[in-house]
1. Read through the list (1) within 13 Å of the chain's Cα centre (by Cα); (2) in the same structural domain as residue 17 (by TED's automatic domain parsing), then give the number of the only condition that residue 158 fails.
2. Which residue pairs have Cβ atoms closer than 7 Å, lie 6 or more positions apart in sequence or on different chains, and pair a first residue in the range 73-100 that is of a type in the set (Phe, Trp, Tyr) with a second residue that is modelled with pLDDT under 90?
3. Taking helices (runs of 4 or more DSSP H) that fall entirely within the range 161-279, which contain at least 1 residues that are surrounded by fewer than 13 Cβ atoms within 10 Å (Cβ to Cβ) and polar (S, T, N, Q)?
4. Please go through (1) under 24 Å from residue 190 (Cβ atoms); (2) in a loop (DSSP other than H, G, I, E, B); (3) among the small types (Gly, Ala, Ser); (4) without any contact (Cβ under 8 Å) to a residue 40 or more places away in the chain for residue 65 and return the number of the only condition it doesn't satisfy.
5. Filter the range 1-50 for residues that are in a helix (DSSP H, G or I), farther than 16 Å from residue 206 by Cβ and among the hydroxyl-bearing types (Ser, Thr, Tyr) and give the result.
6. Scan the range 234-290 for residues that are in contact (Cβ under 8 Å) with a residue 60 or more places away in the chain and among the hydroxyl-bearing types (Ser, Thr, Tyr) and jot them down.
7. Picking from 19, 60, 5, which residue would you name as being in contact with a Pro (Cβ under 9 Å, 6 or more places away or on another chain), surrounded by fewer than 22 Cβ atoms within 10 Å (Cβ to Cβ) and either outside the structural domain of residue 155 (by TED's automatic domain parsing) or not aliphatic (A, V, I, L, M) (or both)?
8. If I go through the range 100-129 residue by residue, how many of them are under 13 Å from residue 77 (Cα atoms) and surrounded by fewer than 16 Cβ atoms within 10 Å (Cβ to Cβ)?
Amino acid sequence: MTKSKIIVIAGPTASGKTKTAISVAQLYDTEIISFDSRQVYEELNIGVAKPTEIELSQIKHHLIGTHSIHQSLNVNLFAELVESVVNSRNQNYVLVGGSTLYLQSILYKLDEIPNASQELRAELSEKFAEKGLPWLITEVGKIDHITIASNNGDNPARLMRALEVYMTTGQTISSYKTGNRQSRFPNHEIIVYAIDIQRNKLYENINLRCDQMLADGLVAEVVDLVQFRHLPALNTVGYVEFFGYIDHNYDLDFATALFKQHTRNYAKRQLTWFRNQLDAKWLSPDEIITDFKSII
């Protein structure tokens with residue numbers, strides 16, 4: 001019996017993942033599951049480059065705007081959500097995103113990581129709200145150099161989780177990722193593509209996308225969300241730069257330059273992780289479509 005397939009389209013931000021995934025899903029007459037750690041939040045739209053209404057209408061998408069920024073959602077829970085979708089029906093799926101550790105956790109079952117108590121989580125959330133991202137980065141840096149090396153503030157929720165795990169178990173969260181890996185989907189054939197794009201072209205795409213986000217009303221979106229800036233989901237690229245502008249710490253031009261710089265830095269780290277950790281076919285979007293046609 002032929003196994004159903006999970007086609008993974010991975011790559012850095014602004015590399016063309018969404019368009020490529022939609023084309024593959026249409027060829028396969030199937031659905032898309034997002035593994036983007038920020039597009040899952042319903043309140044975040046422009047700043048996370050969520051697929052447009054037209055794109056969402058072309059193919060059924062899972063895990064886009066399904067959770068609130070007020071909900072606690074970590075990498076393990078996200079992987080379980082993906083697993084639930086895949087196991088709901090025996091069919092092919094296209095998995096798309098750029099959240100590196102989320103993809104790792106989705107594809108492989110790793111050592112189970114204990115959950116923190118509600119009391120500890122509340123205590124750390126209160127400290128984070130009071131002292132901000134620099135405090136969180138410093139605290140995690142004291143106990144887990146591996147986690148901090150791959151995350152300098154792009155995903156505060158991941159840093160918070162690292163601190164929770166250490167304070168609960170006395171072990172770093174990275175130590176739980178070194179055990180034996182078991183496929184989360186043994187009944188599916190996994191085919192992994194990573195979008196290959198020249199660095200200068202990627203940075204050009206990023207700058208153009210950032211400009212378009214601003215034209216689409218990103219600053220107004222940030223203003224509407226500023227009251228929730230203490231939540232981990234809001235302490236991320238595309239929002240933190242403009243909180244400083246709203247606070248009159250610098251002007252809009254400076255905030256925009258920061259936004260572009262931080263997005264380019266994030267894309268560079270994504271590329272480094274994918275190249276070092278992901279066993280994938282590195283192809284351009286057009287080459288992915290051509291290669292995919294040869295296997296269906």
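1. Of the numbered conditions (1) within 13 Å of the chain's Cα centre (by Cα); (2) in the same structural domain as residue 17 (by TED's automatic domain parsing), the odd one out for residue 158 is (2).
2. Every condition considered, the pairs that remain are 78/102.
3. In the range 161-279, the matching helices (runs of 4 or more DSSP H) lie at 199-215, 252-277.
4. Failing condition for residue 65: (1).
5. Listed by number, the residues that qualify are 20, 23, 28.
6. 236, 239, 263, 266, 284
7. The unique qualifying residue is 19.
8. 2
The values are calculated or read from the model by the stated rules, or taken from the named source; none is laboratory data. Note that the coordinates shown come from a computational prediction; the quantities given were computed from them, not determined experimentally. Heads up, the Cβs are rebuilt from the backbone with ideal geometry, glycines too, and the neighbour counts pull from every protein chain shown.
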